[in-house]
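Q: Can you read through this structure? Questions will come right after.
None of the figures in this text is laboratory data; all of them are computed from the coordinates on show. Note that the structure is a prediction, hence the values are computed from the model and not measured. Note: ideal-geometry Cβ built from the backbone for every residue, glycine included; neighbour counts use all protein chains shown.
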Amino acid sequence: MNKQVILLCTTLMVTLVLHTNLMQTSYAETCEDIKGEKKMPGKNHDDNNPSESKFMDMVFGKATICEVAYCYDNDECKGELDSDDHSEFKTTFVYEGSSDDQQDCLDYRYHLPDDGEKALQAYEIFDCAVGNY
């Protein structure tokens, strides 16, 4: 009887650990396509007027960190999240949908001084998205 209980407990623990790891892995987007497989045109486009309002709409909308990075890399959007935006930013899908390493990078980059102020620039979100920690 004791062996059956131990086996059942062990099986449950292993299942719980595997389920937790799979959930964490599927939750975060890694943006690997940005680093190599999907070549972003960057300078190869017609419009060279990046939009700050598009950046803010994406960050505070339903965009992923990879979509914001793609927008920045294609010179479609630019912007800055200052101290007034930061606490709300941490509840967005861009932040919550990113990996732990990306979140650590975003937090670190926010706390670096930009002209004496705490802020997070679009290029910093891009760098964190593609793994330039």
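Q: Along Cα→Cβ, 7 Å out, is where each label goes; now give me the distance between the ones at Ser51 and Asn2 in nm to one decimal.
A: The two pseudo-label positions are separated by 7.0 nm.
Q: With r as the distance between the Cβ atoms of Ser87 and Asn132 and R0 = 25 Å, compute the FRET efficiency 1/(1 + (r/R0)^6) and round to 0.05. Let's see the in-between values first.
A: Numbers: r = 25 Å, r/R0 = 0.99.
Computed FRET efficiency for Asn132 and Ser87 comes out at 0.50.
Q: How big is region 87-130 along each principal axis, measuring the range of its Cα positions in Å and listing the largest first?
A: Extents along the principal axes: 29, 22, 15 Å.
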